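Read the structure below first, then the notes.
Readers should treat all values here as calculations from the given coordinates under stated rules, not as data from a laboratory. All values reported here derive from a predicted model rather than from experimental measurement. Here the Cβ is made from the backbone with ideal geometry for all residues, glycine too, and neighbour counts use every protein chain on show.
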Amino acid sequence: MISQKEMIYHMTTSFSGKTVLVAGGTGGLGRAVTLAFLKAGANVAVTYRKREEFDALGPSSQLEGYATDVTDEAAVKVMVDQIIARHGALNVLVNTVGGYAGGVKFWDAEAAVFDQMIALNLKAGYVLCRAVVPTMLARKQGVIINIAAKSGIDHPAGAASYSASKAAAIAMIDSLAADLKGSGVRANSILPSIIDTDANRKAMPNADYTRWPKPEEIADVILYLGSEDGRIIHGASIPVYGNS
């Protein structure tokens, strides 16, 4: 009988020689995803906003960083071309870029917040997918994993803009997956609840964060989806709610 540890080891060894792009790869979730793929032997490219956050990932010959605005289609295309020129292929895209704004009733929220949520939670994924899909189709293989949210299907009060952007992101990946059917390229969404990050603990100091999913736990799910072991999962929206 194979133990859980042996199953994880078997899964992660499959990334040796593979190239992964983690957009937002220095954030609360993105950092855990980046480190998990590095540990699994992948070459990892990350996008970042703050150089010190990228440097904090530690030195690695398998790691490279890009200070790229992932809502800028031209800039993202240049980045993807550079990654492919260096490694020959891009096997997995994980988009962890996103933002949250809430706590305000629909009619009191500023219109600019809506635009911000659409840019971070929807347009970033749209731009990234458009940049990587052609090269994946040409090779007839690749995996796209987009981080949406529980709020995309369970719409709480005070978070209309956030929920709308995440719901649209789920729909976008569902439609992309339908377009990709039979191509050898897979696309799925991950739907976390509140993630146990330092930022969320500070924002909600009285919450029971022991019930929140941890970034490393979500990263394990992402590694599975990106691996050959997850090859039968396509067009799915996978809940990772922890006990919340």
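Name every residue in region 104-162 that is farther than 24 Å from Ala177 by Cα, surrounded by 18 or more Cβ atoms within 10 Å (Cβ to Cβ) and not hydroxyl-bearing (Ser, Thr, Tyr), in order of residue number.
The answer is Ala109, Ala159, Ala160.
Given the conditions (1) touching a residue at least 24 places away in the same chain (Cβ under 8 Å); (2) acidic (Asp, Glu); (3) assigned to a strand (DSSP E or B), and given that Glu53 satisfies all but one, which numbered condition is not satisfied?
So Glu53 meets the others, but not (3).
Got at least one residue in region 76-84 being free of Cβ contacts under 8 Å to residues at least 60 places away in the same chain, in contact with a Gly (Cβ under 7 Å, 6 or more places away or on another chain) and not hydroxyl-bearing (Ser, Thr, Tyr)?
no
Looking only at residues in region 210-244 that are in contact (Cβ under 8 Å) with a residue 60 or more places away in the chain and in contact with a Gly (Cβ under 7 Å, 6 or more places away or on another chain), which one is farthest from Leu21 (Cα to Cα)?
Looking at the filtered set, the residue picked out is Pro215.
Write out, first by first residue and then by second, each pair whose Cβ atoms fall under 6 Å of each other, whose residues are 6+ apart or on separate chains, and whose first residue, in region 152-178, is in contact (Cβ under 8 Å) with a residue 12 or more places away in the chain while the second is of a type in the set (D, E, K, R) and assigned to a helix (DSSP H, G or I).
Partner pairs satisfying both residue conditions: Gly152/Lys166.
Among all residue pairs at least 6 apart or on different chains, which show Cβ distances below 9 Å where the first residue, located in region 191-209, is of a type in the set (Asp, Glu) and the second is in a helix (DSSP H, G or I) and surrounded by fewer than 14 Cβ atoms within 10 Å (Cβ to Cβ)?
Asp196/Thr210; Asp196/Arg211
Tally up the residues in region 74-92 that are assigned to a helix (DSSP H, G or I) and either hydrophobic (A, V, I, L, M, F, W, C) or within 19 Å of the chain's Cα centre (by Cα) (or both), please.
10
Which one of these is loosely packed, with under 15 Cβ neighbours inside 10 Å and outside any helix (DSSP H, G or I): Gly58, Gly98?
Criteria check complete, one pass: Gly58.
Within region 25-40, take every residue that is in contact (Cβ under 8 Å) with a residue 40 or more places away in the chain and outside any helix (DSSP H, G or I) and give me the one that is surrounded by the most Cβ atoms within 10 Å (Cβ to Cβ).
Going through the qualifying residues, I end up with Gly25.
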